[in-house]
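Here's the structure, in structure tokens; my notes come after.
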């Protein structure tokens with residue numbers, strides 16, 4: 001019995017020793033059990049340009065109100081909302097019966113005056129009529145012609161016509177309505193060019209120019225991006241907001257989509273262009289003096305080495321490196337404060353860039369670089 005018990009205990013002891021050896025061999029792989037875990041970052045060119053996004057509704061490039069040029073009864077309306085019109089198209093007509101009657105009377109008087117003038121002019125050419133009679137007849141004809149011109153103008157005021165190409169967006173009247181002079185009848189929009197007018201801060205607008213290309217997303221067409229061009233930059237800032245209006249023309253593409261005024265556009269502007277610069281997470285930087293910065297790089301032996309660097313701008317928690325590092329160098333990407341030169345380390349996670357441009361760490365299970 002004792003012999004059997006001793007055999008069992010011996011087997012348990014051997015199994016424990018084997019397990020211990022197995023665990024020890026796992027730690028010895030890679031950088032060894034004494035290596036300090038750190039987050040690493042491998043330098044690659046990055047776009048560190050300043051991007052701003054501003055929302056605005058889409059508008060026609062021009063909106064015009066068509067008003068009545070005389071008082072009267074609206075007898076005809078030829079258009080409604082959504083109708084496309086060309087310059088000179090008849091939109092509506094007012095009652096001009098009285099003016100038309102006056103025009104016919106004026107035309108009759110003109111005909112009489114022209115006949116009298118022609119007769120007296122022929123007599124004057126034969127010295128059979130006085131110069132005074134000739135001048136009187138000529139003046140009478142001119143007055144009659146002026147009356148005809150006057151009533152023709154007044155009759156023409158009864159016709160409401162489009163003065164630009166566009167689309168009727170609003171009608172304010174119906175046939176049979178009595179309208180007064182200068183009353184608005186229609187709103188006409190030039191939709192040949194659609195624009196988004198956005199407010200931009202002065203520090204950003206100074207880096208924009210007419211003709212710059214911009215990217216536009218429209219909520220009505222989710223996931224699709226449109227191109228736009230800055231058409232003009234307004235000369236002064238708004239009094240209250242201190243923002244300067246920038247007008248962006250929208251390219252409607254191949255015509256497979258129909259962009260309508262009133263849709264919401266999200267305009268993405270790029271200022272301070274820095275498309276391919278070397279950067280490190282701002283958290284990687286340490287300072288040894290007022291204007292001296294350094295980082296810890298991880299060398300081929302997985303040891304830390306101090307590297308002095310020169311920095312540029314900082315944006316979105318990234319800092320531009322202008323000297324001291326090259327693409328492909330690996331630095332400690334986070335929390336380097338408690339580290340020191342020649343420290344043996346192992347990279348357990350890598351710092352990357354999130355979609356919003358901020359640093360992000362990714363645990364990839366690595367035990368060494």
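Annotations
- Taken together, 174, 240 contain a single residue that is surrounded by fewer than 14 Cβ atoms within 10 Å (Cβ to Cβ), in contact with a strand residue (DSSP E or B) (Cβ under 8 Å, 6 or more places away or on another chain) and farther than 18 Å from residue 261 by Cβ, which is 174.
- Complete set of residues in the stretch 249-266 that are surrounded by 12 or more Cβ atoms within 10 Å (Cβ to Cβ) and either free of Cβ contacts under 8 Å to residues at least 60 places away in the same chain or over 15 Å from residue 196 (Cβ atoms) (or both): 251, 252, 253, 257
- Hey, residue 336 touching a residue at least 24 places away in the same chain (Cβ under 8 Å), within 30 Å of residue 189 (Cα to Cα) and surrounded by 12 or more Cβ atoms within 10 Å (Cβ to Cβ) or not: no
- Among the residues of the stretch 295-316, those identified as closer than 16 Å to residue 277 by Cβ and surrounded by 14 or more Cβ atoms within 10 Å (Cβ to Cβ) are 295, 309, 311, 312, 313, 315, 316.
- Residue check for residue 341: outside any loop (DSSP other than H, G, I, E, B), touching a strand residue (DSSP E or B) at 6+ places or on another chain (Cβ under 6 Å) and modelled with pLDDT of 90 or more: no
- Any chance residue 192 is surrounded by fewer than 17 Cβ atoms within 10 Å (Cβ to Cβ), touching a residue at least 12 places away in the same chain (Cβ under 8 Å) and in a strand (DSSP E or B): yes
- The number of residues in the stretch 110-165 that are under 28 Å from residue 99 (Cβ atoms) and in contact (Cβ under 8 Å) with a residue 60 or more places away in the chain comes to 9.
- Residues in the stretch 62-71 that are surrounded by fewer than 18 Cβ atoms within 10 Å (Cβ to Cβ) and in a strand (DSSP E or B): 62, 63, 64, 65, 67.
- Yes/no for residue 74 being buried (at least 18 other Cβ atoms within 10 Å of the Cβ), closer than 30 Å to residue 214 by Cα, at pLDDT 90 or above and in contact with a strand residue (DSSP E or B) (Cβ under 8 Å, 6 or more places away or on another chain): no
- Check on residue 116, in a strand (DSSP E or B) and either under 27 Å from residue 144 (Cβ atoms) or at pLDDT 95 or above (or both): no
- Against the conditions (1) modelled with pLDDT of 95 or more; (2) under 23 Å from residue 262 (Cα atoms); (3) surrounded by fewer than 16 Cβ atoms within 10 Å (Cβ to Cβ), residue 139 satisfies every one except (2).
- Here 37, 33 are screened, and the one residue that is farther than 30 Å from residue 169 by Cα, modelled with pLDDT of 90 or more and surrounded by fewer than 15 Cβ atoms within 10 Å (Cβ to Cβ) is 37.
- Any hit, the stretch 270-280, residues being surrounded by 13 or more Cβ atoms within 10 Å (Cβ to Cβ) and within 29 Å of residue 34 (Cβ to Cβ): yes
The values are calculated or read from the model by the stated rules, or taken from the named source; none is laboratory data. The structure displayed is predicted, hence computed values, not measured ones. Glycine also receives a Cβ, built like all others from the backbone with ideal geometry; neighbour counts cover every protein chain displayed.
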